[in-house]
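Contents: one structure, followed by commentary.
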Amino acid sequence: MDDYEGLDDLDRSIIAALQVDGRRTFSSLAEEFRIPASSVRYRVNRLQDDGVLQVVGIANPFAIGFDRLAMIGVRVRPGTAKAVSAALAAMPESSYVVRTSGRFDLLVEVICRDVEHFTDVLDRRIDTVDGVVATESFFVLEVHKLAYGWGVPGLRGPQAREAAPDDD
């Protein structure tokens with residue numbers, strides 16, 4: 001499933017429910033949607049296998065011993081963005097790698113233990129990737145919002161309201 005047009009209303013409802021609480025059991029979802037738990041299990045597994053859905057536990061990096069969270073803007077040599085993105089995505093310290101428009105070709109979020117670890121990642125790993133022309137780092141000083149549920153296009157009803165971000 002490469003695009004959300006292939007999802008039906010039940011798929012969208014399951015995704016929306018899991019965005020609100022990723023620990024929901026198949027049986028509780030089945031009860032809510034009035035279908036067998038085996039149907040929920042099948043759909044969740046299919047959505048995961050197709051790369052549409054990923055259910056993970058997200059930890060606050062500062063609470064588990066990581067002291068340096070940074071966004072790094074990366075400029076690359078023309079024609080190398082995909083290769084550089086792949087190299088940066090393979091790094092265990094990177095949690096987010098996106099191609100962008102504007103001043104930077106890529107934005108990379110890295111999570112490091114301390115300044116020494118960050119310096120090593122930047123100087124010896126990122127800056128040495130073939131195609132990287134320049135970087136600019138932005139340390140995260142405080143986190144005011146980490147959100148991973150943004151609603152599901154095409155979903156109507158109570159699940160759509162629960163999974164959508166607050167407008168307030």
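Some notes on this structure:
- For the range 41-100, residues that are of a type in the set (Asp, Glu) and surrounded by 15 or more Cβ atoms within 10 Å (Cβ to Cβ) total 1.
- Selection status of GLY73, of a type in the set (Gly, Ala, Ser) and over 20 Å from the mean Cα position of the chain (by Cα): no
- Contact map, the range 48-70: first residue on the phi > 0 side of the Ramachandran plot and not assigned by TED's automatic domain parsing to the domain that holds VAL108, second residue aliphatic (A, V, I, L, M) and at pLDDT below 80, Cβ cut-off under 8 Å, separation 6 or more or different chains; pairs are GLY51/MET1.
- There is no residue in the range 22-31 that is surrounded by fewer than 16 Cβ atoms within 10 Å (Cβ to Cβ), of a type in the set (Asp, Glu) and in a loop (DSSP other than H, G, I, E, B).
- Flag if VAL84 is within 15 Å of ASP130 (Cβ to Cβ), touching a residue at least 60 places away in the same chain (Cβ under 8 Å) and not hydroxyl-bearing (Ser, Thr, Tyr): no
- The set of residues from the range 70-81 being touching a strand residue (DSSP E or B) at 6+ places or on another chain (Cβ under 6 Å) and more than 13 Å from THR135 (Cα to Cα) comprises just one member, ALA81.
- Among the candidates SER101, SER95, SER38, the residue that is of a type in the set (Ser, Thr, Tyr) and either in contact with a Lys or Arg (Cβ under 6 Å, 6 or more places away or on another chain) or part of a helix (DSSP H, G or I) (or both) is uniquely SER38.
- Qualifying residue in the range 7-19 (condition: closer than 26 Å to VAL140 by Cα and either part of a helix (DSSP H, G or I) or not assigned by TED's automatic domain parsing to the domain that holds GLU109 (or both)): yes
- Selection within the range 41-59 - more than 15 Å from GLY6 (Cα to Cα) and outside any helix (DSSP H, G or I): GLN54, VAL55, VAL56, GLY57, ILE58, ALA59
The values are calculated or read from the model by the stated rules, or taken from the named source; none is laboratory data. It should be emphasised that the depicted structure is a prediction, and the values quoted were computed from it without experimental measurement. Every residue, glycine as well, gets a Cβ built from its backbone with ideal geometry; the counts of neighbours run over all protein chains shown.
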